[in-house]
Amino acid sequence: MIFSKTPEYYLIASVIFYWYSTSLIFNPVAIVLMSTLIIQIIFRNKISGILIASAFILASTYMLFAMASELNELSIASSAWENMFFVGLSFLGLNIIMSGLMIFSYAKEALAEKVLTEYSAQ
């Protein structure tokens, strides 16, 4: 049961990391993201789960491009470049993977439900 919600829990941890990194106590973006993920864990709506995961994939992809642009401006020999590359790539890559797992699980649930309803209608 808990493994089926692992992507949501990871994305909540990701939002907490983002919230902590901004050093703002009142961060409306983090509050909205956290609220939507908690509501998603409670209600497990398939459509909103796919939409939330898609939004995380789009945001993470955007941040990958922003990171690549920033890395282009830094010299390759610096430790700041290495830190930004390895930490950023790991963090954003894991966000994309977990969001993809979330999409896969909700799409699988939706497909199973559709097949079950079509089979029981026959």
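The values are calculated or read from the model by the stated rules, or taken from the named source; none is laboratory data. Keep in mind that what you see is a predicted model, and the values were worked out from it rather than measured. Cβ sites come from the backbone with ideal geometry, for glycine too, and all protein chains shown count toward neighbours.
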Problem - Count of the stretch 77-117 residues which are touching an Asp or Glu at 6+ places or on another chain (Cβ under 8 Å) and either polar (S, T, N, Q) or closer than 19 Å to L33 by Cβ (or both) - result: 1
Exercise for the section: Can you give me the number of residues within the stretch 24-33 that are surrounded by 11 or more Cβ atoms within 10 Å (Cβ to Cβ) and over 18 Å from S54 (Cβ atoms)? Expected result: 4
Practice task
Please tell me if A59 is exposed (fewer than 15 other Cβ atoms within 10 Å of the Cβ) and over 14 Å from K5 (Cβ atoms).
Solution key: no
Handout entry: Among the residues listed as I42, I97, I76, the single one being β-branched (V, I, T) and surrounded by 13 or more Cβ atoms within 10 Å (Cβ to Cβ)
Key = I97
Practice task
Please indicate, with yes or no, whether at least one residue in the stretch 4-23 is surrounded by 14 or more Cβ atoms within 10 Å (Cβ to Cβ), modelled with pLDDT under 90 and assigned to a helix (DSSP H, G or I).
Solution key: yes
Practice task
State which residue pairs qualify: first residue more than 14 Å from G100 (Cα to Cα) and inside the stretch 1-12, second residue surrounded by 15 or more Cβ atoms within 10 Å (Cβ to Cβ) and modelled with pLDDT of 75 or more in any location, beta carbons under 6 Å apart, and separation of 6 or more residues or different chains.
Solution key: I12/L37
Practice task
Being part of a loop (DSSP other than H, G, I, E, B) and touching a Phe, Trp or Tyr at 6+ places or on another chain (Cβ under 8 Å) is the filter; apply it to the stretch 58-100 and report the residue that is farthest from Y9 (Cα to Cα).
Solution key: S75
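Here is a yes/no grid of residues against (1) touching a residue at least 24 places away in the same chain (Cβ under 8 Å); (2) under 30 Å from K108 (Cβ atoms); (3) more than 12 Å from the chain's Cα centre (by Cα):
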position: L33; (1), (2), (3): no, yes, no
position: I42; (1), (2), (3): no, yes, yes
position: N45; (1), (2), (3): no, yes, yes
position: A53; (1), (2), (3): yes, yes, no
position: A66; (1), (2), (3): no, no, yes
position: E70; (1), (2), (3): no, no, yes
Handout entry: Residues satisfying the stated conditions in the stretch 104-118, i.e. of a type outside the set (D, E) and either in contact with a strand residue (DSSP E or B) (Cβ under 8 Å, 6 or more places away or on another chain) or surrounded by fewer than 14 Cβ atoms within 10 Å (Cβ to Cβ) (or both)
Key = F104, K108, L111, A112, K114, V115, L116, T117
Problem - Selection from the stretch 88-122 of residues that are under 30 Å from A68 (Cα atoms), without any contact (Cβ under 8 Å) to a residue 12 or more places away in the chain and of a type in the set (A, V, I, L, M, F, W, C) - result: I97, F104
